[in-house]
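Q: Structure in structure tokens, see below.
Every number in this text was worked out from the coordinates using simple rules, so none of it is lab data. Just so it is clear, the model here is predicted, and its values are computed rather than measured. FYI the Cβ positions are ideal-geometry reconstructions off the backbone, even for glycines, and counts take in every protein chain you see.
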Amino acid sequence: MVRIAVFVSGGGTNLQALIDAEKRGEIKSGKLSLVISSRQDAYALTRAEKAGIPSVVVARKDCAGQEEFEEKILEALSAHAIDMIVLAGFMSILSPAFTARFPKRIINVHPALIPSFCGQGFYGLKVHEAALAYGVKVTGATVHYVNEIPDGGEILLQKAVEILPDDTPQTLQKRVMEEAEWILLPKATEMVAAGIGKEKDGHL
Ligand code: GAR
């Protein structure tokens, strides 16, 4: 079984989608084994607790620098024998040194159709504000591998979502989550876990 860590910073609705998918048997190649939160007050931690998944808080502001932050994360990953990382609304930056340690082992969900509205500074509601300000009529979500380029790794899955005339950043965020993110993220997680599982078993 591929041991999966989910990195969160906020409400954790994508974490919840993963928990629910695992319960339904849709994530059968992996096990949600650890939640790492960059914030002590993230509601995602309550979701992890309710689901019986161990969690660790590693806050960037409590660390002397990026190196210490990532060392603490690496310690937690190794203590829980993690094989794969899912970034689900994780709002801290991971350095190229960190991502290079896990080639094709980290995936991320981004609330837009990459390469639109992505990269440095595009996260959370800001992404939807930018899409509305530009006036695009279609947006969506993307799940991609994470490499050293912010939102620049190979795309795994994408789904388009219509923008409605009365949308606010909040209504658009909710529709993108419901119609795209919560569907794509569990699907991509199973896809990638299945591949890693085969490698672990020596079938690749
Ligand atoms: C989600 O919309 C996710 O795509 C986005 O933050 C939100 C987290 O919500 N992530 C990014 O913007 C990363 N660049 P959640 O905590 O309820 O899953």
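Q: Can you tell me how segment 52-150 classifies by the Cα gyration tensor, rounded, prolate or oblate, using a/c under 1.5 as the rounded cut?
A: Note, shape of segment 52-150 comes out prolate.
Q: Can you give the helix-only mean residue ellipticity at 222 nm for the chain, where every DSSP H stretch with n ≥ 4 adds -39500 (n - 2.57) and the sum goes over all residues, rounded to the nearest 500 deg cm²/dmol?
A: -11000 deg cm²/dmol
Q: Can you give me the long-range amide H partners of residue 12? Hydrogens built in the peptide plane at 1.01 Å from N, cutoff under 5 Å, separation of 5 or more residues or another chain.
A: 44
Q: ³J(HN,Hα) across segment 102-108 via Karplus (A = 6.51, B = -1.76, C = 1.60, θ = phi - 60°), whole Hz, x for Gly/Pro?
A: 10, x, 6, 10, 10, 10, 9
Q: Now for a separate question. Kindly rank 43-51, 7-15 from highest to lowest mean number of other beta carbons found within 10 Å of each residue.
A: Per-residue mean Cβ counts within 10 Å order the peptides as 7-15, 43-51.
Q: Can you order the peptides 170-178, 74-82 by their average number of other Cβ atoms within 10 Å per residue, highest first?
A: So the order, starting with the most tightly packed, is 170-178, 74-82.
Q: Would you mind checking the pairs 23/174; 31/198; 137/174; 31/200; 23/198 and listing those with alpha carbons more than 19 angstrom apart?
A: Checking Cα-Cα distances, 23/174; 23/198 exceed 19 Å.
Q: How about residue 104: which aspartates and glutamates have a C-alpha closer than 15 Å to its C-alpha, ignoring those fewer than 8 places off in the same chain?
A: In chain and number order, the partners are 83, 148, 151, 154, 190, 199.
Q: Just to confirm my numbers, what's the Cα centroid distance between segment 123-148 and segment 1-56 in Å?
A: Centre-to-centre (Cα) distance: 23 Å.
Q: Let me ask another. Taking the alpha carbon gyration tensor of the chain, what are the square roots of 5 times its eigenvalues, largest first, to the nearest whole Å?
A: 26, 19, 17
Q: Let me ask something additional. Using θ = phi - 60° and the Karplus curve 6.51 cos²θ - 1.76 cosθ + 1.60, what whole-Hz ³J(HN,Hα) does each residue of segment 135-142 get, with Gly and Pro shown as x?
A: Here the 3J(HN,Hα) series is x, 5, 9, 9, 10, x, 9, 9 Hz.
Q: Quick check on segment 1-58: take the gyration tensor over C-alpha atoms, sort the square-rooted eigenvalues as a ≥ b ≥ c, and tell me if it's rounded (a/c under 1.5), prolate or oblate.
A: Prolate.
Q: Okay, moving on. Quick one: grab the alpha carbon gyration tensor of segment 149-204, order the square roots of its eigenvalues as a ≥ b ≥ c, and give me rounded if a/c is under 1.5, else prolate or oblate depending on whether a/b is larger than b/c.
A: It comes out prolate by the Cα gyration axes.
Q: Can you give the net charge of the other residues whose Cβ lies under 9 Å from the Cβ of residue 145, counting K and R as +1 and D and E as -1?
A: Combined, the nearby Lys, Arg, Asp and Glu give +1.
Q: For residue 26 paired with residue 61, estimate the spin-label separation in nm (one decimal), with each label point 7 Å from Cα along the Cα-to-Cβ line.
A: 3.5
Q: If you don't mind, another one. Enumerate the amide H contacts of residue 53 below 5 Å, restricted to partners 5 or more residues apart or on another chain; note that Pro and chain-start residues carry no placed amide H.
A: none
Q: In whole Hz and in residue order, list the ³J(HN,Hα) couplings for segment 40-56 that follow from phi through the Karplus curve 6.51 cos²θ - 1.76 cosθ + 1.60, θ = phi - 60°; x for Gly and Pro.
A: For segment 40-56, the Karplus-derived couplings read 5, 9, 5, 5, 3, 5, 5, 4, 4, 4, 4, 8, x, 9, x, 9, 9 Hz, x marking Gly and Pro.
Q: Multiply the residue gap between residue 155 and residue 93 by 0.36 nm, knock off their C-alpha separation, and tell me the result in nm, one decimal place.
A: Stretched out fully, the residue 155 to residue 93 stretch lengthens by 20.4 nm.
Q: Given contacts defined as C-alpha pairs under 8 Å and at least six residues apart, what's the relative contact order of the chain, whole-number percent?
A: Value for the chain: 22 percent.
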